[in-house]
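A short write-up of the structure that comes next.
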Amino acid sequence: MQDSLFGEQPGIEPLAARMRPKTLDDYVGQTHLVGPGKPLRRALEQEQLHSMILWGPPGVGKTTFARLLANVGQLSFETLSAVLSGVKDIREVVERAKLRKQSNGRGTLLFVDEVHRFNKGQQDAFLPHIEDGTFIFVGATTENPSFELNSALLSRTRVYVLKNLSEPELQLLLRRVLAAPEGLAGQVAVADEVLALIAAAASGDARRALNILEVGADLAEPNDQGVPTISRQNLELVLQTSLRRFDKGGDVFYDQISALHKSVRGSDPDASLYWLCRMLDGGCDPLYVARRLVRIASEDIGNADPRALRLTLDAWDAQERLGSPEGELALAQAVTYLALAPKSIGVYQAFNQCMADIRSEPDYEVPIHLRNAPTKLMKSLGHGDEYRYAHDEPGAFAAGESYFPESIHGRRYYHPVERGLEIKLAEKRERLDALNEASPRQRYPNDPGS
């Protein structure tokens, strides 16, 4: 491989290659590693470069980062791909690095892409040359190094985790490209809205973002002033999909949430499924949908079918474990179940009314018979006196007992509806009410109610 980092003719290379950063300040992303004051940046500034493993998803800049390290450290850059290379290739790289060091004292950075694909013997071939300083070793992997790399190799390197770029970081990168002479300066115009869509479509992958921009520039059409411009329509051609999937905010998004909730409340499984799919296709975070379904299960179904809450929590768990698209089927299962489940807002109304009363009324004291009495003093003050232990009573129910402050004894918040399991809950409450009324042991005989 060439010793030179940037020996090719500019303009012929892909945009991503032309925009490779030459200094740390040019590098976008990974601020947790190379931001001001971070350990790896300090090591580079102090010329203490060391062998390392770069672990992260595709497109976050592992190759670019390795080239930058070589450039900053004034090292020759050699690269191997574990998919295409074998022990013979490793030996040749080692020989070139040794010869280079002997002839001109120049060090070498060896970048090994997809290092996890090398077997144990191939990984072991690097070890003596890492130890004797023949080269600085930088391996890149998308797999967990703890499981895929030899412990001997891991012990001689440091592992750094590279993260997907955020959408603001991708937009910063795109703006730099549009302003850079080696990029697209003066060649094309792009509105901020379109840049945001490109960043969203790239899903944290810098290489994908630059490729989208480059192809979009090829398809740009003159605007009213004759300036080549990448429009939403151009972008849809590049992505071969509707851009609505990347419009994640605004009124339309919240209107769709509303439509989903109302479709479930209205017991229409088909419309509920439609709005779920519209939201997922529009780029909505499936975990956001999962949280909303849990809320719907409590608010609109409640005790009419308590299984609904468990099912939505299971769907949330499945989405977290499986990710997309596999986990989204669990969301569809939950949505259709919720739509056809019996509905009740009894708990929802009871909770809201109780909270409203507590905020507007005095802080009533806990009745003496319900207070805890862990000390002799508290017992001497009557705490817990006359408390009736329900399990000692017939049917484990202390008929005539009250658990409210006396001032609001008899108040009702929860009113089960005549649907689903709440029919049974209402029947049980009627039986308990009858036992209370017939009991000779009324806690507050003159029920003030409210």
Name the helices (runs of 4 or more DSSP H) wholly within the stretch 139-247 that hold at least 3 residues that are outside the structural domain of V112 (by TED's automatic domain parsing) and among the small types (G, A, S)? 192-202, 206-218
How about the stretch 297-310: which of its residues are among the aliphatic types (A, V, I, L, M) and either crowded, with 22+ Cβ neighbours inside 10 Å or in the same structural domain as V417 (by TED's automatic domain parsing) (or both)? A297, I301, A304, A308
Pairs under 8 Å by beta carbon, first residue over 18 Å from V60 (Cβ atoms) in the stretch 154-182, partner among the aromatic types (F, W, Y), six or more apart or different chains? R156/F137; T157/F137
Return the residue satisfying two criteria in turn: it lies in the stretch 390-448 and is in a helix (DSSP H, G or I), in contact (Cβ under 8 Å) with a residue 12 or more places away in the chain and out of contact with any helix residue (DSSP H, G or I) (no Cβ under 9 Å at 6 or more places or on another chain), and of such residues it is farthest from Q349 (Cα to Cα). A438
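Here is a yes/no grid of residues against (1) in contact with a Phe, Trp or Tyr (Cβ under 9 Å, 6 or more places away or on another chain); (2) hydrophobic (A, V, I, L, M, F, W, C); (3) within 20 Å of D192 (Cα to Cα); (4) modelled with pLDDT of 70 or more:
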{"residue": "L239", "(1), (2), (3), (4)": "yes, yes, yes, yes"}
{"residue": "L243", "(1), (2), (3), (4)": "no, yes, yes, no"}
{"residue": "D247", "(1), (2), (3), (4)": "yes, no, yes, no"}
{"residue": "D251", "(1), (2), (3), (4)": "no, no, yes, no"}
{"residue": "A259", "(1), (2), (3), (4)": "yes, yes, no, yes"}
{"residue": "S272", "(1), (2), (3), (4)": "no, no, no, yes"}
{"residue": "R278", "(1), (2), (3), (4)": "no, no, no, yes"}
Got at least one residue in the stretch 325-342 being surrounded by fewer than 12 Cβ atoms within 10 Å (Cβ to Cβ), of a type in the set (D, E, K, R), farther than 26 Å from V417 by Cβ and over 33 Å from the mean Cα position of the chain (by Cα)? no
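Residue-by-condition table, conditions (1) farther than 30 Å from M378 by Cβ; (2) without any contact (Cβ under 8 Å) to a residue 60 or more places away in the chain; (3) assigned to a helix (DSSP H, G or I); (4) touching a helix residue (DSSP H, G or I) at 6+ places or on another chain (Cβ under 9 Å):
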residue: S263; (1), (2), (3), (4): yes, no, yes, yes
residue: L276; (1), (2), (3), (4): yes, yes, yes, yes
residue: R295; (1), (2), (3), (4): yes, yes, yes, yes
residue: G302; (1), (2), (3), (4): yes, no, yes, yes
residue: T336; (1), (2), (3), (4): yes, no, yes, yes
residue: V347; (1), (2), (3), (4): yes, no, yes, yes
residue: N352; (1), (2), (3), (4): yes, yes, yes, no
residue: M355; (1), (2), (3), (4): no, yes, yes, no
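The values are calculated or read from the model by the stated rules, or taken from the named source; none is laboratory data. Just so it is clear, the model here is predicted, and its values are computed rather than measured. Please note: Cβ atoms are built from the backbone with ideal geometry, for glycine as well, and neighbour counts cover all protein chains shown.
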